[in-house]
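Below: one structure, written as structure tokens.
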Amino acid sequence: MNINIKKKKNEELNNDEINVLVEYSTDTNIEKIIEHIKNYNDQKVLVRQNNEYVQIDFKDIIVFYSNKKDIYCRTKIGEYKIKHSLSKLENQTNDLVRISKSCIINIKHLDSFDIGKTGAIVVKLDDGTKETISRRKVKEILKYIKGGKL
């Protein structure tokens, strides 16, 4: 299977459009790619807000973290308790990167890196918060930054 991606501007369109052209094929990978594209905008996580559950887009979530035995996510609007485990969440989109045992960041909300006086690497997120990268994850994070998903 060859994948050729061509991007061209079309001012006649009202919304972005993706077309997949295939020769007759029973390749299940093509079907998986199409399904992934269809679901791309629908990736949401169920969060608890007060006494009700609401859905939030993964793209709006800055960080997932654990505190004691509970899992939370933070957006620019607020913090929410969720039911999923961190290990289940980290593979939901390519934008999520595990930086420690208790924290996953959305790389799209990454603002900068800082090396502290003790040598610890700290990420600053676009909401102004900071998270420390565990020593075990530094190599993986650097690999991600240089060229793609872990």
Just 123, 54, 20 to compare: in a GNM of the chain, with alpha carbon springs under 10 Å, which one fluctuates most? 20
Anchor residue 117: lysines whose Cα lies under 20 Å away (excluding residues fewer than 8 positions away in-chain): 130, 137, 139
So what's the angle, to the nearest 10 degrees on a 0 to 90 scale, between helix 138-147 and the longest Cα principal axis of the chain? 30 degrees
With everything on Cα atoms, drop me the angle between helix 28-39 and the longest principal axis of the chain, reported from 0 to 90° to the nearest 10. 60 degrees
Ordered by packing density, taken as the mean number of other Cβ atoms within 10 Å over each peptide's residues, highest first, how do 82-88, 61-67 rank? 61-67, 82-88
On full extension of the chain, what length is gained from residue 68 through residue 28, given 0.36 nm per residue of separation minus the C-alpha to C-alpha distance? 10.3 nm
Expressed to two decimals, the chain has a Cα Rg over Rh, using the Kirkwood radius, of 1.04
Could you name the lysines whose alpha carbon sits less than 20 Å from that of residue 69, not counting residues in the same chain fewer than 8 places away? 81, 83, 88, 101
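Computed from the coordinates by the stated procedures, all read-outs in this text should not be read as laboratory data. Given the structure is predicted, the values throughout are model-derived calculations rather than measurements. Here the Cβ is made from the backbone with ideal geometry for all residues, glycine too, and neighbour counts use every protein chain on show.
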